[in-house]
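Here's the structure, in structure tokens; my notes come after.
The values are calculated or read from the model by the stated rules, or taken from the named source; none is laboratory data. Small disclaimer: the values here were computed from a predicted structure and weren't measured. Note that we place each Cβ from the backbone using ideal geometry, even for glycine, and neighbour counts take in every protein chain shown.
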Amino acid sequence: MTTTTDTSAVLAAPAAKAAATSATMTNLLEFDLDGLAAFCEKLGEKRFRATQLFRWIHQRGAHEFDAMSDLAKALRDKLKGCAHVQALPVITEHVSADGTVKWLFDVGDGNAVEAVFIPEDDRGTLCVSSQAGCAVGCRFCSTGHQGFSRNLTTGEIVAQLWFAEHALRKRLGRDERIISNVVMMGMGEPLQNYSALVPALRVMLDDHAYGLSRRRVTVSTSGVVPMIDRLAQDCPVALAVSLHAPNDPLRDNLVPLNRKYPIEELLAACNRYLEHAPRDFITFEYCMLDGVNDQIEHAQQLIALVKPARGEGVRCKFNLIPFNPFPASGLLRSSHAQVQAFGKLLSDAGIVTTVRKTRGDDIDAACGQLAGDVKDRTKAAERMAKQRTIALKPVT
Ligand code: SAH
Ligand code: SF4
């Protein structure tokens with residue numbers, strides 16, 4: 001059973017109120033703790049006040065300053081005059097039979113982004129968006145087909161977690177943490193929105209906010225090599241790399257960013273990252289496309305890439321994602337048997353390989369189905385339709 005609710009009237013109340021306030025108000029969701037401390041300092045307040053405020057917002061889900069009872073009244077009044085906690089208006093909420101919840105958030109100008117909560121026995125994972133649309137334009141991704149609209153701000157990235165965590169706590173009547181893992185696998189390429197991403201990651205990790213372990217926060221990237229290096233320095237978290245092809249001609253076609261950062265450079269960046277990463281492996285995501293990248297020779301080429309007879313290779317795990325089809329893609333999902341056979345080849349070569357379970361199928365919440373309501377401003381769909389006439393031949 002699927003429940004679909006238009007929750008815009010109910011859930012967006014704080015946001016709507018906030019939106020009505022002046023544009024000069026500062027949204028406190030935009031700040032990591034250092035940022036909030038700097039903001040408080042400008043108001044003549046000490047750092048520990050910022051910590052209190054940060055805890056109220058992120059640990060308790062407070063958005064009204066008057067509810068923050070251990071802040072002095074003078075400070076609360078000061079804050080009311082210049083700041084707010086501005087959530088994203090919720091357009092729709094869908095609850096899947098398997099417990100997956102998908103929210104569509106309004107980010108203005110006809111753009112919407114999605115976040116998906118996936119409950120499992122031992123964890124609760126939130127899949128978060130980083131951009132409205134995406135400029136990379138992968139062939140198999142419906143976000144990519146819509147083109148790029150704009151980067152989300154730090155506050156808009158954080159607002160997805162803030163809202164989901166506290167809405168779920170209320171709904172389930174629980175006081176403790178519900179979301180234990182965050183994956184930046186929603187709409188957009190997080191490493192093409194680096195300056196907003198890093199403070200958002202810091203909020204996720206901060207013990208005064210969500211206190212997530214670095215191993216449980218994953219940035220997924222199509223391979224923006226220079227930014228992989230920067231992330232290693234600025235905020236190393238778990239890294240997933242969307243590989244999808246074992247050779248450059250095929251990857252150039254599926255993931256156009258490969259023309260700029262080819263596989264060899266990407267794998268070298270993965271190895272540099274591993275020196276700083278909280279996990280000792282990179283997760284390679286591999287979307288299984290029938291007759292395109294799912295043949296035996298592709299598996300053999302992958303093995304040669306990551307476990308070469310000579311040379312370094314990459315410490316990695318593979319996550320095979322059965323393609324989630326959408327009409328405009330012109331691509332098909334590999335058969336179950338093909339996915340299993342492909343996985344077995346990798347496993348037999350000593351590579352830990354999992355097949356991603358599809359969750360929230362009944363509410364279109366699976367990977368690559370996150371399309372929001374983004375306008376096709378860059379005419380990406382049109383361009384891709386033309387491109388589709390170029391045959392995607394399996395490489396022998
Ligand atoms: N831009 C980032 C993160 C968002 S996409 C990236 O590409 O890694 C999250 C994952 O979903 C990526 O591995 C992506 O390749 C995969 N994906 C996209 N479209 C898909 C589809 N239609 N079916 C299955 N997986 C898809
Ligand atoms: Fe962008 Fe990732 Fe989709 Fe590629 S798969 S178009 S990088 S969101």
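Which one of these is away from ligand 1 (no atom under 12 Å from the Cβ), in the same structural domain as Asp290 (by TED's automatic domain parsing), at pLDDT 95 or above and not hydroxyl-bearing (Ser, Thr, Tyr): Phe323, Phe342?
That would be Phe342, the only listed residue that is away from ligand 1 (no atom under 12 Å from the Cβ), in the same structural domain as Asp290 (by TED's automatic domain parsing), at pLDDT 95 or above and not hydroxyl-bearing (Ser, Thr, Tyr).
List pairs: first in region 157-186 and of a type in the set (S, T, N, Q), second in a loop (DSSP other than H, G, I, E, B), Cβ under 6 Å, 6+ apart or cross-chain?
Between residues of region 157-186 that are of a type in the set (S, T, N, Q) and residues that are in a loop (DSSP other than H, G, I, E, B), the close pairs are Gln160/Val128.
To keep it simple, each residue is scored yes or no on (1) in contact with a His (Cβ under 6 Å, 6 or more places away or on another chain); (2) within 16 Å of ligand 2 (Cβ to nearest atom); (3) at pLDDT 95 or above.
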site	(1), (2), (3)
Thr143	no, yes, no
Gln146	no, yes, no
Asn151	no, yes, yes
Leu161	no, no, yes
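So which residues in region 202-222 are among the hydrophobic types (A, V, I, L, M, F, W, C) and within 14 Å of ligand 1 (Cβ to nearest atom)?
Val217, Val219
Among the residues of region 96-134, which ones are crowded, with 18+ Cβ neighbours inside 10 Å and not in a strand (DSSP E or B)?
Ser96, Thr100, Val128, Ser129, Ser130, Cys134
For region 290-301, name all the residues that are in a loop (DSSP other than H, G, I, E, B) and either among the small types (Gly, Ala, Ser) or away from ligand 1 (no atom under 16 Å from the Cβ) (or both).
Answer for region 290-301, where residues must be in a loop (DSSP other than H, G, I, E, B) and either among the small types (Gly, Ala, Ser) or away from ligand 1 (no atom under 16 Å from the Cβ) (or both): Gly291, Gln295.
Here's the yes/no breakdown for (1) more than 31 Å from the chain's Cα centre (by Cα); (2) in contact (Cβ under 8 Å) with a residue 60 or more places away in the chain:
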position: Arg55; (1), (2): no, yes
position: Gly61; (1), (2): no, yes
position: Glu64; (1), (2): no, no
position: Ser69; (1), (2): yes, no
position: Leu75; (1), (2): yes, no
position: Lys78; (1), (2): yes, no
position: Val90; (1), (2): no, yes
position: Ser96; (1), (2): no, yes
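How many residues are in a loop (DSSP other than H, G, I, E, B) and either outside the structural domain of Pro246 (by TED's automatic domain parsing) or buried (at least 17 other Cβ atoms within 10 Å of the Cβ) (or both) when one looks only at region 326-339?
Going through region 326-339 one residue at a time, the tally reaches 2.
Applying the selection to region 21-51, what residues are part of a loop (DSSP other than H, G, I, E, B) and either in contact with a helix residue (DSSP H, G or I) (Cβ under 8 Å, 6 or more places away or on another chain) or polar (S, T, N, Q) (or both)?
Matches in region 21-51: Thr21, Ser22, Thr24, Met25, Phe31, Asp32, Leu43, Glu45, Lys46.
Name the one entry in Val225, Val237 that is more than 16 Å from ligand 2 (Cβ to nearest atom) and among the aliphatic types (A, V, I, L, M).
Val237
Just to be sure, is Ser347 more than 24 Å from the chain's Cα centre (by Cα) and surrounded by fewer than 16 Cβ atoms within 10 Å (Cβ to Cβ)?
So Ser347 passes the test.
When you scan region 156-179, do you find a residue that is β-branched (Val, Ile, Thr), within 13 Å of the chain's Cα centre (by Cα), more than 16 Å from ligand 1 (Cβ to nearest atom) and under 19 Å from Ala87 (Cβ atoms), even just one?
Yes, region 156-179 has at least one match.
For region 121-136, which residues satisfy the criterion of being over 16 Å from Tyr194 (Cβ atoms) and near ligand 2 (Cβ under 9 Å from one of its atoms)? Break it down stepwise before answering.
Our first condition is that a residue be over 16 Å from Tyr194 (Cβ atoms); within region 121-136, this holds for 121-127, 132-133.
Passing the criteria: only Gly133.
Please pick out the residue among Ala232, Ala309, Ala268 that is assigned by TED's automatic domain parsing to the domain that holds Leu332, farther than 22 Å from Thr354 by Cα, modelled with pLDDT under 95 and more than 16 Å from ligand 2 (Cβ to nearest atom).
After ruling out the rest, the residue left standing is Ala309.
Kindly establish whether Ala196 is surrounded by fewer than 19 Cβ atoms within 10 Å (Cβ to Cβ) and within 16 Å of ligand 2 (Cβ to nearest atom).
no
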